[in-house]
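Below you'll find the structure, written out as structure tokens, and then a few comments.
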Amino acid sequence: MCVHIAQWIRYYYSDLLALKQLVPVTGFICVYVLTLFGFKSSRLLTFNNRSGSVNLSTYKISHYSGKLLKLMEQDKVYTNPGLTMNDLTDYMEIPTYQLSQLINQVFGKGFNEFVNFYRVEEVKRLLNNQSFSHLTIEALSEEAGFNSKSSFYSAFKKQTGTTPIAFQKQSDLSEFAN
């Protein structure tokens, strides 16, 4: 790429004096472009806060992501209906803005969508578990951490493309087919 830029400059600026003045500029442009592509490919996350930008290394991204996944998948903190971003930052011991950007950039979701994903997955698991067949769908949603019937139905439909009742019937039919 730098070769193409140099050829372009040589073609358009045949004057030797102008060419000598443009060589440092071309070098700067090349270094800037290569650095820009290098940072994009190195998986550094830049976190913006009020005092400036903070880059997290791949190790820290991996560490925080793993810690967050453990909290969600093993500790099931999402079952707390009052779970807030501040609760998660306290568990993870990182600033709120870093957790927010980690969820946004690594998982591609906002906080509520991220938490509701795990809650919906929990409801789906409970719907398929005969031990919970005596509970209503609303009771299962509360068990998974939803504190509102409307937010549960909305999140479930968005994530699965179907209603909880239709999902349950479909699961029951697939059980009989086996």
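The set of residues in the stretch 70-92 being open to solvent by 40 Å² or more (accessible area, probe 1.4 Å), farther than 18 Å from residue 147 by Cα and touching a Phe, Trp or Tyr at 6+ places or on another chain (Cβ under 9 Å) consists of 73, 75. Taking the stretch 133-164 as the range and being open to solvent by 30 Å² or more (accessible area, probe 1.4 Å), in a helix (DSSP H, G or I) and either of a type in the set (S, T, N, Q) or closer than 20 Å to residue 75 by Cβ (or both) as the test, the residues that pass are 142, 143, 150, 151, 154, 159, 160.
Quick grid of which residues meet (1) over 25 Å from residue 122 (Cβ atoms); (2) out of contact with any Pro (no Cβ under 9 Å at 6 or more places or on another chain); (3) in contact (Cβ under 8 Å) with a residue 60 or more places away in the chain:
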position: 59; (1), (2), (3): yes, yes, no
position: 64; (1), (2), (3): no, yes, no
position: 73; (1), (2), (3): no, yes, no
position: 77; (1), (2), (3): no, yes, no
position: 80; (1), (2), (3): no, yes, yes
position: 91; (1), (2), (3): no, yes, no
position: 108; (1), (2), (3): no, yes, no
position: 111; (1), (2), (3): no, yes, no
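Checked against the criterion of being of a type outside the set (Asp, Glu), touching a strand residue (DSSP E or B) at 6+ places or on another chain (Cβ under 7 Å) and over 15 Å from residue 158 (Cβ atoms), the candidates 91, 97 yield just one match: 97.
Go through the residues of the stretch 88-106 one by one and say whether even a single one is over 30 Å from residue 57 (Cβ atoms) and over 18 Å from the mean Cα position of the chain (by Cα). Scanning the stretch 88-106, I find no residue that is over 30 Å from residue 57 (Cβ atoms) and over 18 Å from the mean Cα position of the chain (by Cα), so the answer is no. With the condition kept exactly as written, say whether any residue in the stretch 110-126 is in contact with a Gly (Cβ under 6 Å, 6 or more places away or on another chain), surrounded by 12 or more Cβ atoms within 10 Å (Cβ to Cβ) and modelled with pLDDT of 95 or more. Yes, some residue in the stretch 110-126 is in contact with a Gly (Cβ under 6 Å, 6 or more places away or on another chain), surrounded by 12 or more Cβ atoms within 10 Å (Cβ to Cβ) and modelled with pLDDT of 95 or more.
Applying a threshold of 6 Å to beta carbon distances and a minimum spacing of six or more residues, or different chains, the list of pairs starting in the stretch 116-131 at a residue that is over 14 Å from residue 172 (Cα atoms) and ending at one that is in a helix (DSSP H, G or I) and open to solvent by 50 Å² or more (accessible area, probe 1.4 Å) reads 120/159.
The values are calculated or read from the model by the stated rules, or taken from the named source; none is laboratory data. Fair warning: this is a prediction, and the values are worked out from it, not measured in the lab. Don't worry about glycine lacking a Cβ; one is built from the backbone with ideal geometry, like all the others, and counts go over all protein chains shown. Surface areas here come from the heavy atoms of the whole protein model, side chains and all, with no ligands, DNA or RNA. Shrake-Rupley method; radii C 1.70, N 1.55, O 1.52, S 1.80 Å.
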